[in-house]
Each structure stands twice: as structure tokens, then as C-alpha cells.
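The values are calculated or read from the model by the stated rules, or taken from the named source; none is laboratory data. The structure displayed is predicted, hence computed values, not measured ones. Backbone-built Cβ (ideal geometry, glycine too); neighbour counts: all protein chains shown. The protein model used for the area step is the full one, side chains on, heavy atoms only, and it has no ligands, DNA or RNA in it. Shrake-Rupley method; radii C 1.70, N 1.55, O 1.52, S 1.80 Å.
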Amino acid sequence: MNSPTSTQALASAQTVVRTWPAEGVARAPYWIYSDADIYLKEQRQIFQGANWHYIGLEAEVPEPGSYKTTWIGEQSVLLTRGEDGTLHAMLNRCAHRGNMVCREAFGTAKKLYCVYHAWSYQLNGDLSHAAFQHGLRGEGGLPKDFDKADHGLQKLRVASYFGLVFATYSEATPPFEEWVGVVAEGIRRVCHKPLKVLGYDTQRIHANWKAYHENPRDSYHANILHTFYGTFGLSRQNQESGMVLDTTGKHVYFYTKAGTEKEGKDFQETSSTLRSVNDGLKLKDPSILKWTDEFDDGVSVQILTLYPSFVLHQIANSLATRQLIPRGPNEADLVWTYFGYANEDDTLTQTRLMQANLAGSAGMISVEDAAVCEMVRKAVGDGQTGESFIEMGGRDLTSGGSHKLSERAIRNFWHNYREDMGL
Ligand code: FES
Ligand SMILES: [Fe+2]
């Protein structure tokens with residue numbers, strides 16, 4: 001039999017029917033991670049849809065005229081602080097012919113200049129000047145009815161919450177605090193004082209962005225995959241812990257209190273099967289484990305995830321935001337921004353810098369997260385067959401309660417994702 005021509009192959013690929021498994025939120029079909037059409041639809045309906053997206057810290061644009069370039073999905077965006085101190089967010093895409101206006105990661109400016117044809121913009125995105133608008137010696141120039149007010153950078157709504165800055169394309173997105181619901185308390189707890197940036201770490205993950213987004217929502221894996229957590233006691237399944245999910249199921253945080261172990265026969269039996277619990281291991285220099293209970297609540301780890309692409313973590317005294325940036329169906333960037341407080345003492349800052357080694361691209365705890373995302377990608381291949389099984393703690397959106405041995409927050413992610421995507 002002749003092999004199909006490329007046109008035939010394309011035609012048959014286009015007729016693939018995408019049907020979500022009948023089990024609903026307790027399954028995710030593997031094509032959801034690799035399908036190019038799905039990826040494009042996500043850009044429009046999730047990243048440009050009615051959601052807030054993290055774009056930076058207020059501390060990153062500290063002065064009037066400060067700007068930062070970043071991303072929402074595939075779109076380059078700008079965060080600026082105007083002369084009056086107001087924050088603005090806008091597309092970093094010239095209103096003339098689409099060139100990137102600001103190219104540096106950070107800067108200060110009185111005006112934003114596009115190098116291509118020298119259109120310039122005010123810090124709020126309004127067009128200030130179009131070069132040769134009136135032509136030269138009676139030739140050239142823009143039409144007489146050209147109105148600068150119609151040709152500014154496309155503006156986004158912006159919200160600042162306890163020093164974290166978010167933007168949205170949509171007028172329909174609820175006010176930020178309402179959108180986050182009860183999970184806002186996890187932000188207020190960590191960001192309760194003016195912040196200062198301590199450093200950055202960026203990694204390219206060779207996997208779909210959703211595979212990473214599921215990971216910090218997945219409290220089931222934390223004390224199993226991460227050897228460092230279990231072995232050195234920063235987070236264990238038999239410690240006092242819990243999950244807080246907002247009423248929409250979009251946002252979640254988990255917390256664990258080190259040193260609150262409750263021994264029990266079932267934990268002892270399970271622990272013996274976990275590679276992550278190894279009481280025989282000791283660190284030669286255990287100083288990285290010395291942490292201060294700076295929030296005075298005993299919580300050693302709090303991992304907070306906002307739909308669809310933001311994480312705020314407290315791991316001992318390491319504090320950081322993580323921004324997830326999709327780079328095509330099979331790749332994503334993860335930007336880690338480590339921070340402390342503007343007025344903290346140097347000893348605490350030094351502790352945070354040392355404990356930054358727990359997180360990040362090569363972090364003693366977090367190195368495994370990107371690794372499993374990439375291994376999943378390799379194992380599911382093109383995703384044309386198979387689906388994940390998400391029944392830890394139950395099969396629906398409410399089952400699993402607030403226990404950490406649960407995939408409830410992942411089921412809630414897929415519920416919201418399907419709503420946004422119309423799937
Ligand atoms: S593309 Fe920016 S001025 Fe022409
Ligand atoms: Fe993890």
C-alpha cells in the first residue's frame with residue numbers, strides 16, 4: 001500500500017476529533033499539552049482573556065520613569081511608572097508597524113522611543129510624537145486627519161496588590177482582590193511590608209506551560225518527589241498542613257508546619273516506601289535548614305498559585321515569585337524573582353540568599369519539578385493517545401477537602417481551563 005501523501009496526512013490530521021474524556025475533570029487528555037491549535041486558542045482566551053497576569057513587583061519600577069519589559073503569554077508587555085508615580089501596563093508593540101518599543105529588561109526614560117521610525121510615547125502609552133507627521137517640504141507626511149490620540153500603545157488594566165503587579169486585557173475581569181478571593185490572605189501574609197528584589201533566575205522548561213502550572217497545585221507530589229523536603233523535615237506528609245482554595249477553584253495555596261509531626265502506623269508504613277524520606281542522611285553543613293519563623297505562625301512552606309501562570313512561594317525564609325511564560329506548545333520559561341523586605345536586617349537577607357538555593361532552576365527542592373514536566377512530555381509523546389488520571393482525594397471539584405493528599409486543586413484547574421477554552 002502506498003504511504004499517504006503529505007496533503008492526505010494533513011487532511012487526516014485536521015479531522016482529528018478532540019473530545020474531552022467522559023470522566024470530566026478527573027482526566028486530562030494528553031493532546032491538551034501538545035496541540036498547536038489549542039495553544040493558539042489559549043493565547044486569545046486565557047492570556048488575553050478575563051484573567052489577571054503577574055507582570056512584576058512595584059519594587060522593580062521604583063521611580064517615576066522606571067519601566068520593565070515582560071510577557072503575558074506570547075505578548076511582550078511593558079510595566080511603567082509615570083511621572084506622577086502611577087503604574088501603567090501596555091503592549092510593548094509600536095502602534096505604527098509593530099516593532100518592540102523597549103528592548104531592555106529594565107530602564108528609566110522620560111519618553112518611550114521606537115527605533116524603527118522614531119514614534120515616541122508617554123509613560124502611560126499615549127503617542128507623543130510621530131516623526132515626519134507633517135512630511136518635509138510639502139511631501140510625505142501622515143494624512144491630515146491623523147489623530148495621535150488614536151495611535152497610542154494598547155493599554156491594559158493594571159492592579160497592584162501588596163507590591164505585586166498584575167495586568168489584564170479584559171474589562172470583564174473582576175477587581176483583583178475579588179478575583180483572588182480567600183487566597184489573597186496568602187499574599188497579604190508574605191507581602192506584608194515593602195519589598196526589595198534580591199535576584200533572578202530564569203529557566204527554559206521543555207514542556208507545555210500547563211504541565212508546570214499543575215505542579216505547584218499538586219500537593220500530592222510535594223513530599224514524595226522532593227527528597228530534600230522529606231529527608232530534612234521542611235515539609236512532610238505527617239506534619240500539620242492544609243490547602244486553601246478560592247470559591248472559583250482558580251487559585252490555591254498550601255501550607256506546612258515543620259516540627260509538628262504526628263507519628264502514626266500508616267505514615268511509618270508509607271514512609272518506608274518513599275524515596276524522599278531517608279532519616280539516615282545528614283548534611284555536613286546544615287545551616288541552609290536554619291530558618292526563622294518570621295511570620296510567627298510556624299508555617300515552614302507556603303506555595304501559592306494563581307490561575308493561570310503565577311506562583312508565590314515561601315520556603316523557610318526564601319521568598320520568590322515565579323512567572324510562567326509559554327513559548328510554544330512544548331516549551332515555557334519560568335522567571336524566579338527572589339525578594340526580601342526593604343527594611344530588613346542584613347542577617348535575614350543573607351539567610352534568604354543562601355536559601356535561594358532551595359528553589360530555582362537548580363534548587364535542591366525545585367530541580368525535580370521541571371525534570372518531571374520534561375519526563376512527562378517525553379513519555380506522552382505527541383499526545384494522540386492516553387490521558388492522565390486525577391482521582392487522588394476524589395473525582396470532582398469538592399472532594400479531597402483541604403487535605404494535602406489530594407488532586408482537588410488540579411481538578412479545579414481543568415474545570416476553569418475548560419470553561420475559558422470552551423472545551
Ligand atoms: S514601527 Fe515603531 S515607529 Fe515604525
Ligand atoms: Fe514540586
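Counting the residues of the range 9-40 that are under 22 Å from LYS378 (Cα atoms), out of contact with any Phe, Trp or Tyr (no Cβ under 9 Å at 6 or more places or on another chain) and modelled with pLDDT under 95 gives 1.
In the range 54-66, the count of residues that are open to solvent by less than 60 Å² (accessible area, probe 1.4 Å), away from ligand 1 (no atom under 16 Å from the Cβ) and under 30 Å from GLY383 (Cα atoms) is one or more. Kindly indicate whether GLU74 is of a type outside the set (Gly, Ala, Ser) and either more than 22 Å from the chain's Cα centre (by Cα) or open to solvent by less than 40 Å² (accessible area, probe 1.4 Å) (or both). It is false that GLU74 is of a type outside the set (Gly, Ala, Ser) and either more than 22 Å from the chain's Cα centre (by Cα) or open to solvent by less than 40 Å² (accessible area, probe 1.4 Å) (or both). Among what's in the range 287-336 and is among the basic types (Lys, Arg) and surrounded by fewer than 18 Cβ atoms within 10 Å (Cβ to Cβ), pick the residue that is nearest to GLY181 (Cα to Cα). Applying the filter and picking the extreme gives ARG327. Which residue is farthest from ASP293 (Cα to Cα), if the candidates are limited to the range 238-258 and must be within 16 Å of ligand 2 (Cβ to nearest atom) and hydrophobic (A, V, I, L, M, F, W, C)? My answer is VAL252. The condition of being away from ligand 2 (no atom under 16 Å from the Cβ) and open to solvent by 10 Å² or more (accessible area, probe 1.4 Å) does not hold for GLU374. Can you report the number of residues in the range 337-347 which are in contact (Cβ under 8 Å) with a residue 40 or more places away in the chain and open to solvent by 30 Å² or more (accessible area, probe 1.4 Å)? Total meeting the criteria: 2.
Does LEU358 fit the bill of being assigned by TED's automatic domain parsing to the domain that holds HIS226 and away from ligand 2 (no atom under 14 Å from the Cβ)?
On the way: assigned by TED's automatic domain parsing to the domain that holds HIS226: yes; away from ligand 2 (no atom under 14 Å from the Cβ): no.
Taking the combined requirement at face value, the residue does not satisfy it.
Taken over the range 130-159, the residue count meeting the criterion of being surrounded by 14 or more Cβ atoms within 10 Å (Cβ to Cβ) and assigned to a strand (DSSP E or B) is 5.
For the range 395-416, which positions are over 21 Å from ARG236 (Cα atoms), touching a residue at least 60 places away in the same chain (Cβ under 8 Å) and touching a helix residue (DSSP H, G or I) at 6+ places or on another chain (Cβ under 8 Å)? I'd like the intermediate steps shown before the answer.
Start the filter on the range 395-416 by keeping residues that are over 21 Å from ARG236 (Cα atoms), which leaves 395-399, 411-416.
Filter once more, keeping what is touching a residue at least 60 places away in the same chain (Cβ under 8 Å): 395-397, 411-416.
Within the range 395-416, ARG395, ASP396, LEU397, ARG411, ASN412, PHE413, TRP414, HIS415 meet the criteria.
From the list ALA130, ALA159, ALA105, which residue is away from ligand 2 (no atom under 16 Å from the Cβ) and touching a residue at least 40 places away in the same chain (Cβ under 8 Å)?
Residue meeting the stated conditions: ALA159.
Pick from the range 188-237 the residues that are surrounded by fewer than 18 Cβ atoms within 10 Å (Cβ to Cβ) and more than 19 Å from GLY360 (Cα to Cα): which of them is farthest from ligand 2 (Cβ to nearest atom)? Applying the filter and picking the extreme gives PRO194. Inside the range 84-129, can you point out the residues that are open to solvent by 40 Å² or more (accessible area, probe 1.4 Å), near ligand 1 (Cβ under 10 Å from one of its atoms) and among the polar types (S, T, N, Q)? Once the filter is applied, which keeps residues that are open to solvent by 40 Å² or more (accessible area, probe 1.4 Å), near ligand 1 (Cβ under 10 Å from one of its atoms) and among the polar types (S, T, N, Q), the range 84-129 yields only ASN99.
Please find, among ALA105, ALA36, the residue that is farther than 30 Å from ASP396 by Cα and outside the structural domain of ILE325 (by TED's automatic domain parsing). Please lay out each step first, then the result.
Numbers: ALA36 fails: farther than 30 Å from ASP396 by Cα.
Step by step, each of ALA105, ALA36 is checked, and only ALA105 is farther than 30 Å from ASP396 by Cα and outside the structural domain of ILE325 (by TED's automatic domain parsing).
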